[in-house]
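The values are calculated or read from the model by the stated rules, or taken from the named source; none is laboratory data. Note that this is a predicted model, so its numbers are computed, not measured. Cβ placement follows ideal geometry from the backbone for every residue including glycine, while neighbour counts extend to all protein chains displayed.
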Amino acid sequence: MPKTYVRLDEVSATLPSAFYYDRVHHERELRQIWHKEWLLVGRADKIAAVGDYQVVEVGDQSVIVTRGSDHRLRAFHNTCRHRGSILCQNSHGNFRGRRIVCPYHAWTYSLEGELTATPWRLEGGGFDATRFPLYDVAVGEWAGFVFINLDESAAPFGDQTLADTPALLANWNLGETVTAHTLTLDLECNWKAFWDNFNECLHCPIVHPELCRIVPQFREGLATGNVVRGDGDTSSPLVEGAVTWSVGGKTELPWFEGLTEREQSAGATFGVFPPSGYVVVHVDYARLVHLLPTGPEHTRLTVSWLVPPKTMEHPAFSVEKLIELGETVVREDGRASEINQMGLRSNRHKSGVLVPQEIFVKEFHDWVRERLNDDD
Ligand code: FES
Ligand SMILES: [Fe+2]
């Protein structure tokens, strides 16, 4: 079947190099992007029980995500209404007795954020506890993925929030999956350097020898999105005999049920949640890559492998085998993003150039530019 190639018509400039290291610019991106967009923060199964919590640091904003007595997810700024102390000092845990107690003067909040006790406070002074609930943060959930939004005026989480990703991945039924393994990597690069790398495959022949054995088009520098299959095309981009992204391309694990023939032959299908991550689904597992900026030149990646619950019980299940290729690839991409970062400070390299295959890098840069322009 004839293929359609998706590419740029003309070369284009990258974002300015300074966007990748300048501290003042980084703070602008935090304000304009990270503190305005819906952000993926993890999987709901990590905060499954009432009172379970996770703390997410988004630049200088610290947020508690927790599950209330009504089993609903809620998020609050990790800041006490008394004099502003931090509430949680750990990155995750469970609020004992379903109470959030400030470690400074023990003001106590319910899991729903109401101020329920103010120990040792003398009566009087016209104090009204109902005026001091925790500062709430918007929360959304889709297929077990948890999202927050720090923008008080953000549109509520709804059908349009994640664009076409829910429809694209619907048949994988990811809400039913469990986390089989998690890997955390602290990278010495700007968060955009990692996305730039994600958005092109020119580096694949050099950086991913193992992956190129499974996906031949990667040897030619063509990303999944650069080559579009026709409507009825169920031919696979994987090498003959391969069915998934594993070392050797085979799997003994059960396949997701309900996938169409086209979905089964796709090799990999990507759902993106910019700026905070993406999920890649295969016939037998899904890989979630979550990122958070930890500084202008630092990014924390959390990679999770998701499988249907029955896979964990399957005799052929092995974490090592499940993660082997994905871990290799993400470490290779992390390293590539770091070497990219290292060269950006040259005072001659004000910006770089994008060639036709890098159309998705261009789209990502335009997405960033758009958000920086409406500075208010
Ligand atoms: S700052 Fe939290 S109780 Fe005083
Ligand atoms: Fe890569």
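Of everything in segment 87-140 that is at positive phi and more than 10 Å from ligand 1 (Cβ to nearest atom), the residue that is surrounded by the fewest Cβ atoms within 10 Å (Cβ to Cβ) is GLY126.
Out of THR311, THR260, THR299, THR294, one residue alone is more than 15 Å from the chain's Cα centre (by Cα) and under 25 Å from THR184 (Cα atoms). It is THR311. Residue count for segment 167-201, restricted to those that are assigned to a loop (DSSP other than H, G, I, E, B), touching a helix residue (DSSP H, G or I) at 6+ places or on another chain (Cβ under 6 Å) and either closer than 14 Å to ARG287 by Cβ or within 16 Å of ligand 2 (Cβ to nearest atom) (or both): 4. Checked against the criterion of being without any contact (Cβ under 8 Å) to a residue 60 or more places away in the chain and either assigned by TED's automatic domain parsing to the domain that holds CYS201 or outside any strand (DSSP E or B) (or both), segment 323-334 contains not a single residue that satisfies it. Here are some conditions: (1) of a type in the set (Val, Ile, Thr); (2) farther than 25 Å from ILE339 by Cβ; (3) surrounded by fewer than 20 Cβ atoms within 10 Å (Cβ to Cβ). VAL281 meets all but one. Which one does it not meet? All conditions are met except number (3). Return a yes/no flag: does segment 342-361 have any residue that is of a type in the set (D, E, K, R), at pLDDT 95 or above and within 29 Å of GLU176 (Cα to Cα). The answer is no; no qualifying residue exists.
Restricting attention to segment 196-212, the residues that are touching a residue at least 60 places away in the same chain (Cβ under 8 Å) and more than 20 Å from the chain's Cα centre (by Cα) add up to 6. Of everything in segment 325-350, what is under 21 Å from PHE256 (Cβ atoms) and surrounded by fewer than 16 Cβ atoms within 10 Å (Cβ to Cβ)? Give them in sequence order. None - no residue of segment 325-350 is under 21 Å from PHE256 (Cβ atoms) and surrounded by fewer than 16 Cβ atoms within 10 Å (Cβ to Cβ), so the list stays empty. You will find that of VAL361, VAL289, VAL281, VAL303, the residue that is away from ligand 2 (no atom under 16 Å from the Cβ) and in contact (Cβ under 8 Å) with a residue 40 or more places away in the chain is VAL281 and no other.
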